[in-house]
Amino acid sequence: MENYVEESPLCKFRTRMMGGSPFINYGIVLNGETPTDLLTPNLNMITWIIKELNITKDSHVLELAAGRGGYILGIAEQTGCTFVGTDILPSFVDEANDNAKKRNLDSKGYFIQASFQNSSEKVGTNKKFTHVISIGSVYYVHSEIDVCLSNIADIADDKTAILLWDMNRRKDWTECRKYERHMKVKHLLSQSEMLESCIRCNLVVNKMIDVTKDMLPCLKILRDAALEEDPTSEIITFPYVYDAFNEGEVVYPVWELSKAVNRI
């Protein structure tokens, strides 16, 4: 997968481009704006999610693969909701809990170490989350998607709103060379494969929104800066993933799901 080991050149580059903020995604533009940095587009993601999912002070939100906590802490700050965040990296969990304390949000929630594959065991199945979200991470576990979605289904009830900000391929995996050159994942699902997995895992797809065109201006900032620093793209490989999206190898969809209601 794309190397997010904290000392890797790729991770250090992305962190610099984020201006030290706790975000790890490309962000999106709203209202046709032209971004000049990556902080505002990532803040846009928070605004968009709150509005799209109608998150309020009465919401109890679980974020899977929360990283350093930037998104769920922003959501909690703006709405007053309570939350739990998970991440597989202990360093990210520690930093996220520190960030919660610094922002006086530790009374609203906390972060624990867990993976997609064991999230229901670590989080529990009785927390009554109103929302389960994951932003820009599900594609790392597409090779085990049924296990991951089954864990989400176990955590949710039929009233839980689920949002997965994903990546999907539009071509055969063997043709997605630019994407694989950057991300180094084992496999990437097509949208039809993702839909089939949802059905197998007792999840209903309520909506799928393609936000690729709203992400590309943000990824272009990374591409241009990467080419200045590494013109051959041997180490800083963001130009490959920009081309993969721009040329239609892959798309950037938001999946809105709910747990299927079993009827006798």
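The values are calculated or read from the model by the stated rules, or taken from the named source; none is laboratory data. None of these values were measured; they are calculated from a predicted model. When we count neighbours, we look across all protein chains shown, and the Cβ atoms used for this are built from the backbone with ideal geometry, even at glycine. Side chains included, ligands, DNA and RNA excluded: accessible areas come from the protein's heavy atoms. Shrake-Rupley method; radii C 1.70, N 1.55, O 1.52, S 1.80 Å.
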Review point. How many of the residues making up region 181-215 are over 18 Å from residue 253 (Cα atoms), open to solvent by 40 Å² or more (accessible area, probe 1.4 Å) and in contact with a Phe, Trp or Tyr (Cβ under 8 Å, 6 or more places away or on another chain)?
Key: 1
Revision key, fill the gap. Checked against (1) touching a residue at least 12 places away in the same chain (Cβ under 8 Å); (2) over 15 Å from the mean Cα position of the chain (by Cα), residue 102 satisfies every condition except (1)
Practice item. Give the residue, chosen from 147, 141, that is under 25 Å from residue 83 (Cα atoms), surrounded by fewer than 20 Cβ atoms within 10 Å (Cβ to Cβ) and without any contact (Cβ under 8 Å) to a residue 60 or more places away in the chain. Key: 147
Revision key, fill the gap. Among residues of region 219-239 being over 23 Å from residue 36 (Cβ atoms) and not polar (S, T, N, Q), the residue surrounded by the fewest Cβ atoms within 10 Å (Cβ to Cβ) is 234
Revision key, fill the gap. Filtering region 48-61 for residues that are open to solvent by 70 Å² or more (accessible area, probe 1.4 Å) and over 11 Å from residue 161 (Cα atoms) leaves a count of 3
**Study point:** Qualifying positions in region 80-95 - closer than 19 Å to residue 131 by Cα and not in a loop (DSSP other than H, G, I, E, B)
**Key:** 82, 83, 84, 85, 86, 87
**Study point:** Number of positions in region 160-180 that are closer than 11 Å to residue 251 by Cα and either open to solvent by 10 Å² or more (accessible area, probe 1.4 Å) or over 18 Å from the mean Cα position of the chain (by Cα) (or both)
**Key:** 3
